[in-house]
1. Would it be correct to say that residue 200 is under 14 Å from residue 269 (Cβ atoms), surrounded by 24 or more Cβ atoms within 10 Å (Cβ to Cβ), within 18 Å of the chain's Cα centre (by Cα) and not basic (Lys, Arg)?
2. Which residue, of 131, 88, 140, is within 13 Å of the ligand (Cβ to nearest atom) and over 22 Å from residue 230 (Cβ atoms)?
3. Can you confirm whether residue 226 is among the acidic types (Asp, Glu), buried (at least 24 other Cβ atoms within 10 Å of the Cβ) and either touching a Cys at 6+ places or on another chain (Cβ under 9 Å) or not in a helix (DSSP H, G or I) (or both)?
4. Which members of segment 331-348 meet the condition of being surrounded by fewer than 16 Cβ atoms within 10 Å (Cβ to Cβ) and not in a loop (DSSP other than H, G, I, E, B)?
5. Consider only pairs whose beta carbons are under 6 Å apart and that are at least six residues apart or on different chains; among these, list those whose first residue lies in segment 262-277 and is without any contact (Cβ under 8 Å) to a residue 12 or more places away in the chain and whose second residue is part of a helix (DSSP H, G or I).
6. When you go through (1) in contact with a His (Cβ under 7 Å, 6 or more places away or on another chain); (2) within 15 Å of the ligand (Cβ to nearest atom) one by one for residue 97, which number turns out not to apply?
7. One residue is enough: does segment 181-204 have a residue meeting the conditions in contact with a Phe, Trp or Tyr (Cβ under 7 Å, 6 or more places away or on another chain) and within 13 Å of the ligand (Cβ to nearest atom)?
8. Out of the residues in segment 215-244 that are among the basic types (Lys, Arg) and within 11 Å of the ligand (Cβ to nearest atom), state the one that is farthest from the chain's Cα centre (by Cα).
Amino acid sequence: PSRNTQRIRRSDLMNPSHATATPVSHVMTTSSSRNITSSTGAAVNPHFVSDVYSTGRGHTVPAKPHRNRPSSKMSAEQFRATISLLVNSSDPRRDLDWFVKIGEGSTGTVYTAHQLSTNRVVAVKKMSLWNQQRKELLFNEVIIMKEYPHNNVVTYYDSYLVDEELWVLMEFIDGGSLTDIIRRVHLQESQIAAICKSCLEALAYLHSNGVIHRDIKSDCILLMSDGTVKLSDFGYCARINQKQRRRQSLVGTPYWMAPEVISKQPYGTEVDIWSLGIMVIEMIDGQPPYFNLPASEAMNCIRTLPPPTSKSPEKISPRLRDFLSKALVYNSEERATASELLRHPFLQFASPPSSLSKLIQFRNTV
Ligand code: ATP
């Protein structure tokens, strides 16, 4: 199925033409089908979930605001004031021209623009302050990339309040998403290893800083034309620390969600490793397990069946099979960590970035 990688709005619930694959971040109020979130900690009504998913699959659903969470109660003025403390107070419009829309998600629209002061092309994500399922998630859009710079994380440049919008300026990643590549090209194992290695470098770094991405899937992996792999889309991140070691919200995209998330068990950084395992299956099979099922049924399968594997396990090497079996472990305590997977023999066969660069060039020709 074609995959819409953006979140959809409440109004889209009514529109069955959105039967595509996008993240869902608020089970109770949106209905995109590829990801669900309910960071409520409160139980998500499974009937609602199946209603949500009957409109399509593959979207992220934003979590319901938590009744006891102060940010959910923030007034519009408080919210604006808090955001304004985080962003650059100048007006970026004088320094930007030639806006070209390159993508749209549930939280905002992404453009390329020419930055006059640096004479470079930048990506600008424009997000309405108010037209959000969970406006407090916008803090993530500014904070995570800014506070956690890494070679495999999209580089943050600056952010601004422009009228009633939050603008985040970041590096423009010119090679498109991994989803685009998977759709058109069959990846070699050495290329899968190279992509996994870069993603795991980013995840090991974020996890060591208590950041859980919560929405790992091929749509969030962007590639530069030189073959560098970058993790993006931090809108659904959660932080853990000494005070709050686990999270419980139903957040993510159904087909990539870890069993403990679906079961509403307290969870930690391990959920990203499960999702990475599912993304490896995407790279092998072209789509995640159970993708032909409605999201609610897929979630049920993830919760009740043994961990999935590739549709054609005989076609993959024992090394890759073993790598997958270390990531897709039902019991999160027994699942490998990002640092452990980085030492897995499968990654020793990672091809250099130049082979990913060729992949992008080839993708452009098919
Ligand atoms: P979603 O609903 O999928 O979470 P979103 O509202 O968070 O979407 P993004 O996924 O961040 O929006 O971006 C929307 C589109 O813009 C995607 O197709 C993505 O590949 C593209 N995009 C985002 N950031 C960049 C960037 N820095 N460089 C190039 N393309 C980008």
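The values are calculated or read from the model by the stated rules, or taken from the named source; none is laboratory data. Predicted model only: the values in this text are computed from it and were never measured. Here Cβ is always computed from backbone atoms with ideal geometry, including for glycine, and neighbour counts include all displayed protein chains.
1. It is true that residue 200 is under 14 Å from residue 269 (Cβ atoms), surrounded by 24 or more Cβ atoms within 10 Å (Cβ to Cβ), within 18 Å of the chain's Cα centre (by Cα) and not basic (Lys, Arg).
2. 131
3. No.
4. Across segment 331-348, the qualifying residues are 333, 334, 339, 340, 342, 345, 348.
5. Pairs that qualify, where the first residue is without any contact (Cβ under 8 Å) to a residue 12 or more places away in the chain and the partner is part of a helix (DSSP H, G or I): there are none.
6. Of the numbered conditions (1) in contact with a His (Cβ under 7 Å, 6 or more places away or on another chain); (2) within 15 Å of the ligand (Cβ to nearest atom), the odd one out for residue 97 is (2).
7. no
8. 230
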